[in-house]
1. For the range B:23-94, which GluC sites (Glu not before Pro) are in a loop by DSSP, counting at most 13 other Cβ atoms within 10 Å?
2. First obtain the Kirkwood hydrodynamic radius of the range A:74-273 from its Cα pairs, then insert it into the Stokes-Einstein equation at 10 °C and 1.306 mPa s, and state the resulting D in µm² per second as a whole number.
3. Within chain B, which DSSP H helices have Cα atoms that stretch 24 Å or more along the helix axis and a mean Kyte-Doolittle hydropathy of at least 0.0?
4. Using a 10 angstrom cutoff on alpha carbons, build the Gaussian network for chain B and name the most mobile of B:V89, B:V273, B:V110.
5. Highest GNM mean-square fluctuation, chain B, Cα pairs closer than 10 Å: which of B:T178, B:T209, B:T28?
6. Rounded to the nearest 20 debye, what is the charge dipole size of the protein assembly as shown about its Cα centre when +1 sits on each Lys and Arg Cβ and -1 on each Asp and Glu Cβ?
7. Can you find, among A:L265, A:V116, A:G142, the residue sitting farthest towards the positive end of the charge dipole of the range A:74-273, where Lys and Arg contribute +1 and Asp and Glu -1 at Cβ?
8. With +1 on each Lys and Arg Cβ and -1 on each Asp and Glu Cβ, how big is the dipole of the range A:202-276 about its Cα centre, in debye rounded to the nearest 20?
Amino acid sequence: MRRVGLASAVPRSPMRWLGSVLAYGYLGLVYAFIFLPVVALMLFSFQDGLVPVPPFHGPTLRWYAELFADERMMAALRNSVWVGLTSSAIATGLGFLAAYGLARYRPPAASVIRGVLIAPIAVSYLVIGLGLSIVANQLGVGRSLTLVVIGHVVINLPLAFAVVLSQMSPAQERLEKAARDLGASEVRVLALVTVPVLLPGLLAAFALSFTLSWDEFVIAFLLTRFDVTLPVEIWSSIRTGLDPETNAVGTLVFLLSVGLLAITLAVVSRLSRRRV
Amino acid sequence: MAAVGRTRPEGASTGRGWALAGPALAWTTAFFLAPMVFVLAYSLFRRVGGELVASLSFENYRRAFTEAAFRTALVNSLEVSVITVIASVLVAYPVAYLLAYRMPRRWGQVLLALAVLPFWTSYVVRSYSWLLVLAKEGVVNRTLMALGLVAEPITIANTRAATVIGFVHFFTMLMALTIYASLVQIPESYRKAARDLGASGWRTLVHVTLPLSLPGVVVGAFLTFVLAIGDYITPQILGGAQELLLPQAIMLQVQRSGDFPMAAALSAVLLLVIGLAYLASARRFGLGAR
């Protein structure tokens, strides 16, 4: 295998050398572009001053202290965790049942079921939020976090369903058949064979759903009024201008998401390795 | 998923599949399909003097395409989304190419993972981060002024440029992923054969690599277009309210005027544009790849 290697090759001609410099330089520029806002966000969360702009003074943990003392932010954080956990649990549960039903029983018109369940992916969150908002108005239901949970299940269900469905395999089906032949009831098969074997897929679906719900703004914005989720609270603090406390909360949200991602990847790959 | 019932469990199993899918179907029907029907119905209603009138009129659609404010929003949205798609492809393709072909596979994957790391900042926070960088007193202006390159801060925030920068930042990451996935699927022997037959590196790129990686470009471009044109957050935070994009116009109808029928009609227009984008690119999705 020939590698015109940036990493390995000793430049053989001036042209090639120039090419390598250009390539490295370009990658460096793009990565600087990609990381610039994140670095600015994190750095100025430690700003010892009232505005998160250069020159940098500090570091100080003052804004993190203010953040944790900020009752509105903390309430929004709790709301977001609650909405995320509830909507992800419902989406993963419903998605699992549907995927299981489709993969194992192959009902007639399965493609219709699949089409309907995947459909919300094609519609912008803004329009989904608008639709729910119109229906809630019609029914005279006030805006609330419960409505946000409902909306987040709508956007997460297609993904949870698709993730679980992609993890269904004939090998698992044979295991289930074996359990059934040995006299296990349907419920026992589901609880003792299907779910444990599918655990990595279920966890992945749950984590993906949680991340999306945790980050979702427009639906939450349209469907809440006083009790809001974290992105909505951050949104209202942005409207008052640049503020180091917003940097602090943004940094924390980023670290939490990356942490969650790392844990999920570790757990899923561990579980998959000892899987059938 | 296997399509045909090979080992269909005997007996009452036909209904069981539907029964298991039932709760999910019910949820999607009640909270997605029904609201979409309401959106379409509302788009035909009128709002007269603050009162909702259930009618069957295309007046909202006529206004969406003829009234200056709405038509400009639609045109702005189309322009910004197309510029975003083109700029993102131009930035991301060389990145994906270098990571796929000029680096050892392991390094390429590490760098790719690094490139998508900022994906995990919250979307609202990411737009705010760009505000830190682009604002009048922000990182870019302070740096330019400290270097003596400009005397007065340049205006980037609250312009279309800021929206496009925010979009390109986000979608370069996405596009690098889809293009990279396409590039690593091209068998190395193809490029080698082209070189052995005497094609220059450039010709190999244009006549072999580029056409074979087109599916990745089209998938990335489609996703970018759809997500960009439907996004409210980035234009609102970075672009500001001077030049409205379609999602901002929709939100304005809801928040400011409480005109749900007009918002519904504009939403239907948005969905129509997305549908057309799908039709335009769908034929190309399957090309090559395998």
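1. Numbers: sites: B:E51, B:E59, B:E67, B:E79; in loops: B:E67.
Those that pass, being in a loop and sparsely packed, are B:E67.
2. Details: Rh = 18.5 Å.
In µm²/s, the coefficient is 86.
3. Details: long enough: B:68-101 (49 Å, 1.53); B:160-183 (32 Å, 1.50); B:260-285 (36 Å, 1.61).
Helices meeting the span and hydropathy rule in chain B are B:68-101, B:160-183, B:260-285.
4. Ranking B:V89, B:V273, B:V110 by mean-square fluctuation puts B:V110 first.
5. Of B:T178, B:T209, B:T28, the most mobile in the Gaussian network model is B:T28.
6. Working: 44 positive and 26 negative charges, 482 e Å.
My answer is approximately 2320 debye.
7. Of the listed residues, the answer is A:V116.
8. Details: 6 positive and 6 negative charges, 130 e Å.
My answer is approximately 620 debye.
Just so you know, all these numbers are worked out from the coordinates, no wet-lab data involved. None of these values were measured; they are calculated from a predicted model. Backbone-built Cβ (ideal geometry, glycine too); neighbour counts: all protein chains shown.
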